[in-house]
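S.K.: Right, I'll just put the structure down here and ask away after.
The values are calculated or read from the model by the stated rules, or taken from the named source; none is laboratory data. Since the model is a prediction, treat every value here as computed from it, not as a measurement. All Cβ positions, even for glycine, are placed from backbone atoms using ideal geometry, and neighbour counts span all protein chains on display. Protein only, heavy atoms only, side chains kept; ligands, DNA and RNA dropped before computing areas. Shrake-Rupley method; radii C 1.70, N 1.55, O 1.52, S 1.80 Å.
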Amino acid sequence: MAKVTSPIEITGTIDDFNFYKASEQNLVRLKGKPGITKEQFANNPIFNPIKKHGTEFGSCVRKSRVFRLLAKQFYDRAKEVSFAGRVNSLLFEILEEDTTNKIGERKLEIGLQVPELEELLVNFEGNKLRPLKKVLNKKVTFDWKNRNINLKSSNVEKDIHWPEPEANRIHFQIAIANWNYKEDTFENHYSNEIILEKTDSEVDLKFQISKLQTKDLWIAYLFIGFSNKERRKTKPLHKKWNTTTIIGIKNFNQK
């Protein structure tokens with residue numbers, strides 16, 4: 001960048017030099033070189049890998065909209081700023097399991113049919129700051145036959161990592177969803193919410209939840225949240241302290 005010393009003020013462009021005024025100074029700089037044009041990007045084969053990646057990733061972004069709705073009530077109460085981006089990345093990772101089509105033409109619907117899908121989906125967190133293992137000391141699985149978790153009871157004072165600021169209540173709830181990822185439709189059901197005091201001893205966890213009527217990809221969720229109760233008022237803690245976790249799947253389209 002050069003400074004112009006002149007009895008007159010110069011602004012505008014002469015050849016490759018751009019004259020302008022900033023901070024009460026007359027300055028000059030070379031014009032920037034133009035970047036890649038639309039025509040170059042469209043016609044140069046060197047950009048094909050970028051275009052193929054964009055096509056596939058874009059399809060996952062569109063599918064992620066429905067995926068985030070499957071347990072929206074839970075995700076609204078337990079997620080952080082990276083959630084949407086992590087869903088996009090998760091679905092793209094599943095898309096990459098499609099080995100029948102070449103890169104640029106792979107389909108999420110095919111990736112969702114692989115036997116390894118459980119490894120990819122189960123334990124996915126809405127809030128990566130509070131994964132389930134940092135909230136609950138016990139391992140949780142989902143029983144599709146009885147539509148319930150394996151955890152029949154809990155001593156909330158011992159089993160739970162209580163957050164700061166101090167909370168004195170804990171909220172348990174489960175949900176199940178069927179995701180028709182081919183038609184971009186879904187069905188979901190939420191259970192009753194079980195609210196326990198921090199001082200409670202061993203307490204039974206009895207959830208009631210309706211049956212799913214459609215059969216594509218079933219996904220089960222567990223929500224654990226916290227609140228403070230003072231006299232008759234209950235104040236939920238910020239969602240950064242809560243957890244929403246996929247705890248089971250059942251795939252009716254598996255290869």
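S.K.: Identify, among Leu91, Phe142, Ile160, the residue whose Cα sits farthest towards the positive end of the charge dipole of the range 85-161, taking +1 on the Cβ of Lys and Arg and -1 on the Cβ of Asp and Glu, with the dipole about the Cα centre.
M.R.: The Cα lying farthest towards the positive end belongs to Ile160.
S.K.: Tell me the angle of helix 83-95 to the major Cα principal axis of the chain, expressed in degrees between 0 and 90 and rounded to the nearest ten.
M.R.: Approximately 90 degrees, to the nearest 10.
S.K.: Exceeding 30 Å between C-alpha atoms, which entries from my cross-link table qualify? They are Lys107/Lys134; Lys38/Lys128; Lys145/Lys182; Lys51/Lys133; Lys206/Lys229; Lys211/Lys233.
M.R.: Beyond 30 Å: Lys107/Lys134; Lys38/Lys128; Lys51/Lys133; Lys211/Lys233.
S.K.: Additional query: Between 0 and 90 degrees, rounded to the nearest ten: what's the tilt of helix 48-69 against the longest Cα principal axis of the chain?
M.R.: Result, in degrees: 40.
S.K.: Can you tell me how much longer the chain between Lys152 and Leu27 gets when fully stretched, taken as 0.36 nm per residue apart minus their C-alpha distance, in nm with one decimal?
M.R.: Working: separation 125, 0.36 × 125 = 45.00 nm, distance 7.42 nm.
The span from Lys152 to Leu27 would gain 37.6 nm if fully extended.
S.K.: I'd like to check one number: the per residue accessible area of the chain, probe 1.4 Å, reported in Å² as a whole number.
M.R.: 59 Å²
S.K.: What is the gain in length, in nm to one decimal, between Glu193 and Thr100 on full extension, counting 0.36 nm per residue of separation less the C-alpha to C-alpha distance?
M.R.: 29.2 nm
S.K.: With a sphere of radius 10 Å drawn around the Cβ of Gly104, what net charge do the other residues whose Cβ falls strictly inside it have (Lys, Arg +1; Asp, Glu -1)?
M.R.: On the way: positive: Lys51, Lys52, Lys102, Arg106; negative: Glu56, Glu105.
Result for the local shell: +2.
S.K.: Another one. For the chain, which whole-number percentage of the solvent-accessible area (1.4 Å probe, protein heavy atoms only) is attributable to carbon and sulfur atoms?
M.R.: With neighbouring chains kept in place, the figure for the chain is 50 percent.
S.K.: Something else about it: Within the set of other residues whose C-beta is less than 9 Å from the C-beta of Leu129, count the net charge using Lys and Arg as +1 and Asp and Glu as -1.
M.R.: Neighbourhood net charge equals +2.
S.K.: Here are labelled values, (1) 17.0; (2) 22.7; (3) 16.3, and one is the computed mean projected area of the Cα convex hull in nm² for what I pasted. Which one?
M.R.: Given (1) 17.0; (2) 22.7; (3) 16.3, the structure-derived one carries the label (2).
S.K.: Counting Lys and Arg as +1 and Asp and Glu as -1, what is the net charge of the other residues whose Cβ lies under 11 Å from the Cβ of Glu202?
M.R.: That works out to -2.
S.K.: Another question, if that's okay. Show the residues, 5+ positions off or on another chain, whose built amide H is closer than 5 Å to the amide H of Leu151.
M.R.: For Leu151, whose amide H was placed from the backbone, the distant partners under 5 Å are Thr141.
S.K.: Run through all the Cα pairs of the range 136-255 and give the fraction in each 10 Å bin from 0, expressed as whole percent.
M.R.: 12, 41, 29, 14, 3, 0
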